[in-house]
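The structure appears below as structure tokens.
A short reminder: the numbers here are calculations on the coordinates, not readings from a lab. No experiment lies behind these values; they were computed from the predicted model shown. We place every Cβ from the backbone using ideal geometry, glycine too, and count neighbours over all the protein chains shown.
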Amino acid sequence: MWIRFGYYLLLVMVVMHLNSSCNAYFERREKAQNDFSKDEEELPLRILPKSNIPEPNKEKDIGDIEDDLIVMLDISEPATSPQMNVLREEGRHGQIGRMEIEIKPPYPEELIGELTIKSLGKVSYLKYPVLVCGKVVSDKGEKLLEFEKYLPWVFGNTPELDLKEENSPKIRFEILKGGKSLQPCSFLLHAEVRVKLLNLKPEVSVSNPGDFSNIEVKDETILMSNPLRITLK
């Protein structure tokens, strides 16, 4: 009988201990949740500096224009042939990072280059008139091309603008000519483009600004194209 009484007494003590443990657990859990909610409420809000908040109506500057434009140097696709080995390395936004062309005999009668000015669509050039003046030169000091483009006429997309070839974002130019008279050689080409943000007077039309030499330049920068290596084997 004493054994049975001791058994019941032990069972009661175990149940009381478990009940006490459970109560303590839930009390700690409730306290932790309350403390967490309190801490969360007391956390200060993170306020971003004004300079880090995008402002869609913010005025563009020459840095925005520099970030929008890409200058690429390539060869005209019809000029490719079995004698040519073309290596293109792509960069960001489909840009050409580097380009090399090896040409084996018989050499083509001509090799046509193509310079492209590309806009990423971040700037409205009807609102921010930009004039670009550039050239393509070789590492031998030879100038292969000089050009001037008014970007409201190139990227304006307005019906009143006459979209002639001179207003195209692509410019073709001659790199090599001669065919059989050509000799093995290697040279490097690149384009250098001066980008000018114009300060038009209120009475001057963006679509018809007149003589560019009479317009004040608000700011300017220089963009470089990818290098283009030509090697005649």
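Worth a mention:
- Antiparallel content of DSSP bridges confined to the range 62-232, in %, to 5: 90 percent
- The three principal axes of the C-alpha atoms in the range 62-232 carry coordinate ranges of 58, 31, 29 Å, sorted with the longest axis first.
- Summing +1 for each Lys or Arg and -1 for each Asp or Glu among the other residues whose beta-carbon sits under 13 angstrom from that of residue 226 gives -1.
- Residue 59/residue 109 FRET efficiency (R0 45 Å; Cβ-Cβ; nearest 0.05): 0.35
- Cross-link check: pairs 118/233; 170/233; 135/201; 170/201; 140/233; 122/196 evaluated at a Cα-Cα cut-off of 21 Å; pairs beyond the cut-off: 118/233; 170/233; 135/201; 170/201.
- Fully extending the segment from residue 86 to residue 194 would add 36.0 nm, taking 0.36 nm per residue of separation and subtracting the current Cα-Cα distance.
- Subtracting the Cα-Cα distance of residue 231 and residue 146 from 0.36 nm times their residue separation leaves 28.3 nm of extension gain.
- Footprinting exposure proxy for 230, 222 (fewest neighbouring C-beta atoms within 10 Å first): 222, 230
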